[in-house]
Amino acid sequence: MTITIGTFTTNALTAQPFGYEGEARTGLTARTFRIAGLLTRSQWQTLVSEYNAWRNTRITDADTLFSGTVGTTIALTTTSTNGLSVTSLACWFADPPSGEQAGAYISASCVLVDANQALAVLLREAEKSRQNQEATSKPSLGTITFTRATGTSPIVTLTAPPLTRQDGPTVSLTSTGTSYITGPLTAHKVRQIEGYLSTGTYDDLLAWYDETIAAVPAATSWFPTTAPTATAEVIISGGVKSTRYNVSLTAVQII
């Protein structure tokens, strides 16, 4: 078979190249291509040159887990062997070229990996690690649904306990140094909501706020006293990079 890596080409392979790396039980594998063969001096120089060009650009790429992209790749093409072939497949070098002199030839080898499959494995592993950390370090605090008459009702997954009180009585001192209480002997129940949107968008939450403050609140209903605010956070879920919106707002239960 003939194999081409960038501008390097050889048909003098000493082993079939197709394989996999990773954990098969969980599906966390990526296709690999183990290149081994006897190369002429000029072929060896071309292979090393292709690796150096890829490496010198790849090392300047943004961190793969941060960018969520394959970055710099090199194209791999093979003719069919045992019914398997690839054409212009975007790859990374998994092992750099190595070689030993074998008479007039160089016994050379290197390993390439399917860049997109390898990226999917990295992202999924990062997601599982994050999920395990969250499961062991963060309690489940539930969710709050912001019900709308029409449109999507956003749901916030809580990251902090929401309930507190405000507007309760105050305590002061008399001139003789004893305590006295002023104000009604009750307080408003308050939700200080901190969490992230698990259903709906930030626009849906803002729409809930606009609709709620435009109507006279009923007794026991929750009335927002601050507008929602949000920050964006990049996360990985299901191996897919996405943006999560962390939101906060305060609502008072009407008495």
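Listed values, structure above:
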read-out: Selected residue [modelled with pLDDT under 95, surrounded by 12 or more Cβ atoms within 10 Å (Cβ to Cβ) and either of a type in the set (Ser, Thr, Tyr) or outside the structural domain of ASP63 (by TED's automatic domain parsing) (or both)] from GLY195, GLY183, GLY239; value: GLY239
read-out: Residue pairs meeting the criteria (Cβ under 9 Å; at least 6 apart or on separate chains; first more than 30 Å from GLN253 (Cα to Cα), in region 174-188; second of a type in the set (Ser, Thr, Tyr)); value: THR174/TYR180
read-out: Complete set of residues in region 133-175 that are in contact with an Asp or Glu (Cβ under 6 Å, 6 or more places away or on another chain) and of a type outside the set (Val, Ile, Thr); value: PRO154, ALA160
read-out: Matching strands (runs of 3 or more DSSP E) fully within region 1-92 where at least 1 residues are surrounded by 14 or more Cβ atoms within 10 Å (Cβ to Cβ) and small (Gly, Ala, Ser); value: 18-23, 28-39, 74-78
read-out: Subset of region 107-142 that is of a type outside the set (Asp, Glu), outside any helix (DSSP H, G or I) and closer than 22 Å to THR77 by Cα - its residue that is nearest to the chain's Cα centre (by Cα); value: VAL113
read-out: Of all residues making up region 156-179, the number that are assigned to a strand (DSSP E or B) and either farther than 20 Å from SER198 by Cβ or hydrophobic (A, V, I, L, M, F, W, C) (or both); value: 11
read-out: Flag for ALA218 being of a type in the set (Gly, Ala, Ser), surrounded by fewer than 11 Cβ atoms within 10 Å (Cβ to Cβ) and not assigned by TED's automatic domain parsing to the domain that holds GLN117; value: yes
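The values are calculated or read from the model by the stated rules, or taken from the named source; none is laboratory data. In this text, all values refer to a predicted model and were calculated from it rather than measured experimentally. Glycine gets a Cβ as well: all are built from the backbone with ideal geometry, and neighbour counts include every protein chain shown.
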